[in-house]
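Coordinate-derived values only; no laboratory data. Nothing here was measured: the structure is a model prediction, and the numbers come from that model. Neighbour counts run over all protein chains shown; Cβ positions are idealised from the backbone, glycine included.
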């Protein structure tokens, strides 16, 4: 059985912001003391405790999605060490917040799982952000409070390694990795969890006993093995506070990458046949995904017509001298094959997750690290609503008609004013490749046969916090779009109701509470498929009192 106890403060101290400050020449103790003092804490602590009078407090009670706040939060705990995370958990349990606390990492949760009116205490792990190599354990590690930008930067500059994670720079690793994170190298290297070999988690067991558990893929105790496996796609906020991830090996970072931006004017799409021309773009993208090779990852940005253009971003990684490899002839040949070769110069920013970036250049041959920097965009802090779907094959004709209908649709508000849908889209990401080389039960990520992952997105800005009529109009649009898109399957991408075996549920890291309308068990089945029973088993073993819960959390039974 793996050890289950609080880490000693001295041992965990190197894995903190203070540890990084110490690298500047200051002693660990001095760096930590300065950090704690600046934040208003007392000497010798592994945990900062912030109240509403603290200057940082208000900023830590809102997420990246400006729809969600925690207006009734009374305290924010900020661990400085992994031991401090367990200490924070003991504080919330002992302080009467056992049913009303939430854990914050990067703050990118699409729904109100962390920030809502019921949240009274927040544990913010964002200062647990060390990334490096643990000589004693013989593995690379990343603490859960780091971001994808921290991850790429430290792994590349220290070791020449990388991880197939997402591109949004400020997404927290705590939720991203354990949900089965993916990104622009996943066709070549698989999902983040395909490299995960260990995880450290603070849990609340029987009698509300707080423990810090270090478990790996080689743990001999069945429950330890279950806790490890649950974090290979079971999602955040279900079992405990993740403090650290471990990886025995990691892929070597590519040397170079081509970045191609293809664009079509909506005016040309409409004049060229409307839905049928849009269908040609979709079949081109399917052909590229199936036959382009695993070094290629594509993002098809089906923007609303009011944005002016539809765009595809293609990243193709390679080694060797700059210019020694190119996929452009293949791309151009497929464009001609599908009759959509009339691409134009891209205009305006590329909108939406997981890439929001300028697109002034249609083709650039980069060093790989330059591409990481160039596409490392989370976009503006704004309000948004999201939905997702996996697809095992291309788009049926009826779905192409639905996509065209909603992307060219004009809507008005109650006063007759047009709703601005220029920041609304459905994004189709390449999938397959090495992702599909792993069995559905090997990790907690069930969807291992899809070629596309879709993310429906709509964004808006309001001066005030919380709901608004403007937001309601955007949410109505995306709900109507999604419901009609999957009308044949009950309004959701339910594989149990799809005789063609095309749709395959939803992505847990793009949560959508609307799925609960079909019943909580159906929503969880869409996320976890046949792995749900084993995840429930893990929940029962490690969080028997359901201390970690939200509106789509895994149940105890």
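With angles folded into 0 to 90 degrees, how steeply does helix 275-291 sit against the dominant principal axis of the chain? Use alpha carbons for both and round to 10.
For helix 275-291, the angle is close to 60 degrees.
Going by how many other Cβ atoms sit within 10 Å of their own, how do 161, 209, 385 line up, fewest first?
209, 161, 385
Relative to the longest principal Cα axis of the chain, at what angle does helix 82-94 sit, 0 to 90 degrees, rounded to 10?
Approximately 80 degrees, to the nearest ten.
Regarding region 291-442, what are the three Cα extents along the principal axes, ordered largest first, in Å?
Here the spans come out as 59, 38, 35 Å, largest first.
On alpha carbon coordinates alone, what is the Rg over Rh value for region 287-333, Rh being the Kirkwood radius?
1.06
Could you give the distance between the Cα centres of region 144-203 and region 481-549, to the whole Å?
Between the Cα centre of region 144-203 and that of region 481-549, the gap is 24 Å.
Kindly state, as a whole number, the per residue volume in cubic angstrom of the convex hull around the alpha carbon atoms of region 174-322.
Spread over its residues, the Cα hull of region 174-322 gives 165 Å³ apiece.
Ranking 338, 474 by Cβ neighbours within 10 Å, fewest first, what do you get?
338, 474
Just the Cα atoms of region 358-420: what Rg and Dmax do they give in Å?
My reading of the Cα-based Rg and Dmax gives 18.0, 51 Å.
Just to be sure I understand the model, the point goes 7 Å from the Cα along the line to the Cβ. What's the resulting residue 276 to residue 415 distance in nm?
Rounded to a tenth, the inter-label distance reads 4.2 nm.
Could you let me know the centre-to-centre spacing of region 288-346 and region 76-98, using Cα atoms, in angstrom?
Going from one Cα centre to the other spans 48 Å.
Taking every Cα atom in the chain, find the radius of gyration and the maximum pairwise distance Dmax, and write them in Å.
Reported Rg and Dmax, both Å: 23.2, 69.
Under the rule of -39500 (n - 2.57) per DSSP H run of 4 or more residues, summed and divided by the residues of the chain, what mean residue ellipticity at 222 nm is obtained, to the nearest 500 deg cm²/dmol?
For the chain, the value works out to -8000 deg cm²/dmol.
For region 72-137, what is the Kirkwood estimate of the hydrodynamic radius, computed as the reciprocal of the mean inverse distance between distinct Cα atoms, to one decimal in Å?
Mean inverse Cα-Cα distance, inverted, gives 12.8 Å.
Using Cβ counts within 10 Å as a stand-in for footprinting exposure, how do 169, 527 rank, fewest first?
169, 527
I need the shape label for region 124-206. Rule: rounded when a/c is under 1.5, else prolate if a/b > b/c, else oblate, with a, b, c from the alpha carbon gyration tensor.
Rounded.
When only Cα pairs under 8 Å and 6 or more residues apart are kept, what is the percent relative contact order across region 103-221?
With pairs under 8 Å counted, the relative contact order is 18 percent.
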